[in-house]
Each structure stands twice: as structure tokens, then as C-alpha cells.
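The numbers here are math on the coordinates, done by the rules we state, and not lab data. All of these numbers come straight from a predicted model, not from anything done at the bench. So basically every Cβ, Gly included, is an ideal-geometry build from the backbone, and we count neighbours across all protein chains shown.
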Amino acid sequence: MKVYWIAATAVLASVSPPLAQDHKHVLVPSPSEINWSAAPPVLPKGVQAALLWGDPSKEGPFVLRLKFPPNVRVLPHSHPGDEIVTVISGEFNLGKGREFDESKVTPIRAGGFSAMSKGTEHFAIFREETVIQISTVGPWTLNYINPEDDPRKSQ
């Protein structure tokens, strides 16, 4: 058993340094200290964002919280990288596929988790105020399946 832990520690040590390069330690002791602002225009109006770590516009990892008001839909899209979503509060209703179909969503409540591979086509519905945390790599965007669904088209 001791050999296993030594080997596991060696593997983690060899992986960790690149992730730690150029990143400062960030401590957010309380959710009340998070600074919310308007989300990027690639998301529907009314969504708020709080960047916790990293830079979504640059290559590399980042962590972003998004706060969705009730009755928001994010139409079918994909992302250029793997995406890990943790539900902080509320309910994230996730559907997979190229077509928006509210009857095919899976509700994920607070504490729930979803991981999607790069290019996974999906959509979401937020029926109540919901906060999710996204951990992924930049540069980040939403690639809408139907370009007309992109909120930037109506701005």
C-alpha cells in the first residue's frame, strides 16, 4: 500500500506544476464577497457572472459562476472545451441534443454535477433563480447550433 501512495504522489506532483504556473492563490471566504456583473453577451440578458479564477478569454483553466433569473432558456449550443458544471443553488435543467425539447431535460438540483465533453450539444432551462459554477478552459464561448439563437444577434 505504501508503494501505491508513493507512486500516486509522484504522478500528481508531475501533473500539478503546469496547472499552478502563472496563477495566484485566490480565496473567496464567503459567497457574499463574490462580485456579480452582467454575463458575457453570448448568454441571455439578465444572466449575471462572477469570475472566480482565471480568464475565460485566454487559454488555460478558469472557474466562473453564473446566476440565472427564473424562466431563462439557453438554446442548443456546444463549447470548444470540456465543461464541468456544479449546481450551487436552484435547479439546472439540462437537455442534450441539437433540438430544444423541454420534455427531455434532466433536472440537476443544488449540489449536483454534470460533465460534458468538448463539442457536446446541449441546452438548459432555469425555471427558478439558479447559480451554477463552471470549471473549464479558455478561450470559452457558446457555439449556438442555430446562429439565430445567439443572443448577440438581437443586441
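Placing dummy labels 7 Å off each Cα toward the beta-carbon, the span from residue 73 to residue 146 is 0.9 nm. Could you calculate the FRET efficiency of residue 58 with residue 118 from 1/(1 + (r/R0)^6), where r is the beta carbon distance between them and R0 is 22 Å, rounded to 0.05? With R0 = 22 Å, the Cβ-Cβ based efficiency is 0.80.
Quick one: if you stick a label point 7 Å off each Cα along the C-beta vector at residue 82 and residue 133, how many nm between them? Calculated label separation equals 1.8 nm. Couplings 3J(HN,Hα) of the range 84-98, computed from phi: 10, 10, 10, 8, 8, 8, x, 9, 9, 9, 9, x, 10, x, 7 Hz, in residue order, whole Hz [Karplus 6.51 cos²θ - 1.76 cosθ + 1.60, θ = phi - 60°; x for Gly and Pro].
Centroid-to-centroid, using Cα positions, the range 43-117 and the range 137-151 are 12 Å apart. Whole-Hz Karplus values for the range 64-71 come out as 9, 9, 10, 10, 9, x, x, 6 Hz, taken residue by residue from phi with 6.51 cos²θ - 1.76 cosθ + 1.60 and θ = phi - 60°; glycine and proline positions read x. Between amide H atoms placed 1.01 Å from N, distances below 5 Å from residue 72 occur with 126, all of them 5 or more places distant or on a separate chain.
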